[in-house]
Amino acid sequence: MRAGVRWHLLLPILMLGASAFGQDADDSKPAISNLMNAKHPRVYPDGRVAFRLVATNAAKVQLAGAITDKPVDMTKGEGGAWTVTIPAPPAGFHYYWFTVDGLQVNDPGSDTYFGYGRPTSGIDLPKQGEDFYFPKDVPHGQVRMQWYFSRTTSAWRRAMVYTPPGYDENSEARYPVLYLQHGAGEDETGWTRQGHANFIMDNLLARKEAKPMIVVMDKGYAYQAGTNTAPTNRPSGGMNSSVLSPSTFESVVIDDLIPMIDRTFRTLPDRKHRAMAGLSMGSRQAMQIALRNLDKFSWIGLFSGATVNGDLDTGYNGVFKNAKEFNERVHLLYVGVGAAEPRLMDALKSSDDLLTKRGINHVTFTSEGTAHEWHSWRRHLHDFAPRVFQ
């Protein structure tokens, strides 16, 4: 037999086309958040996303969640497979689920993330040209699961703790600490799983754009010992309250969490080396806790939630009344929102005007083209982290 390529063996493979190698002929690809070997959801080059669920006996299936403005009907096809393709959503991370005859179910093809108060399907749609939150070939820190007993709640709690690259090798080094809070319906895993905070920090540190720091992420819900409700987890009066009231979670942070972190890790245990920031609900918690405890914190980050309004002489426990004193005590007051959050954009402008007139040093940041979702908050952390502890 003449040596060379056996075309009669290759022909069936060539006829299969790109789909034989994990890519359909229509150039769509599995989303990066899919579980191993799952072909759906699929993302098209133009940003459209195709979803598929096999529910043979279902009468009605819809796609729902933050990925769509309202539930979208899916179409039943061969083998009981329900499908729908939606126009390109904004880049970033989006929660979603299927509603099957009125029952909410997760997508077996996607990973789940804690959101909406439960494990929920999510899809990550990277924005072209932005890779600051991706893992790269740089030194990596560790994310540790730290359990501790809270005397405030008489219960065990879990914090996720990021330690920077080299933490274990250099046993003499001590580090500042950023306490970083999630939003409502999420938990202490959000900043690393949805937000990729550890990769953001790794990449910033590799470029020497931020100070090495420990990042502590705790669950933002707390219950007083002997109760099963937590009515004071948020500041009374709503998002932009001029009154900062104590909360159960504040007691956890001040009395339980900070002492445990300072005992367990090599921290610089003073206010000059301690920051607190958060997103949405977590931003309100950061404002409440930090402003009430300026003996503990001197760096504050508010992402898509808390802003400053009202009477600065009487509100916020009077911390803004004396601008000179505030500026000496607080090294950074940072307020950021997504440009596609119109209500918060208005609040940001009002807050900026109010603080400027009072002479309060502050920084504002707008994430262009993003709304109340994780890509905004990834950008906020990426911008905020290089500013703290400088």
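Since every read-out is calculated from the coordinates, none of them should be taken as a lab result. Since we're looking at a predicted model, the values are computed, not measured. Positions of Cβ are generated from backbone atoms using ideal geometry, with glycine treated the same way; all protein chains shown enter the neighbour counts.
Here are the numbers for this structure:
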quantity	calculated
Highest-fluctuation residue, 78, 186, 209 considered, GNM on the chain with Cα pairs under 10 Å	78
Candidates 270, 26, 256: whichever shows maximal mean-square fluctuation once the chain is modelled as a Gaussian network with Cα springs under 10 Å	26
Length released on extending from residue 349 to residue 103, taking residue separation times 0.36 nm less the Cα-Cα span	84.4 nm
Debye equation applied to the C-alpha atoms of the range 16-125, log10 I(q)/I(0) at 0.13, 0.17, 0.22, 0.24 Å⁻¹	-0.45, -0.79, -1.30, -1.50
Theoretical gain in end-to-end length, residue 116 to residue 88 [0.36 nm per residue, Cα-Cα removed]	7.8 nm
Simple label model, 7 Å out from Cα along Cβ direction - residue 73 to residue 270, nm	6.7 nm
Cα-Cα separations in the range 251-318 greater than 21 Å, expressed as whole percent	27 percent
Inter-label distance, nm, simple model (7 Å from Cα along the C-beta direction), residue 295/residue 46	6.3 nm
All-pairs Cα distance distribution in the range 107-163, expressed in whole percent, bin size 10 Å	16, 26, 40, 15, 3
Net charge, residue 144 excluded, C-beta distance under 14 Å - Lys, Arg +1, Asp, Glu -1	-1
Hydrodynamic radius by Kirkwood, which averages 1/r over all alpha carbon pairs of the range 269-390, in angstrom	14.3 Å
Amide proton proximity set for residue 267, modelled H, under 5 Å, gap of 5+	175
Pairwise centroid distance, computed over Cα atoms, of the range 98-174 with the range 308-336, Å	32 Å
Share, in percent, of DSSP beta bridges within the chain that are antiparallel, nearest 5	65 percent
Integer Hz, Karplus 6.51/-1.76/1.60 couplings in order for the range 179-186, x for Gly and Pro	8, 10, 9, 7, x, 4, x, 10
Diffusion coefficient, µm² s⁻¹, Stokes-Einstein with Kirkwood Rh over alpha-carbon pairs of the range 142-387 at 25 °C and 0.890 mPa s	136 µm²/s
Label point distance in nm, residue 29-residue 328, each placed 7 Å from Cα along Cα→Cβ	5.6 nm
GNM flexibility winner over the chain from 304, 280, 251 (Cα, springs under 10 Å)	251
Stretchable slack from residue 128 to residue 368, in nm (0.36 nm times residue separation minus alpha-carbon distance)	85.0 nm
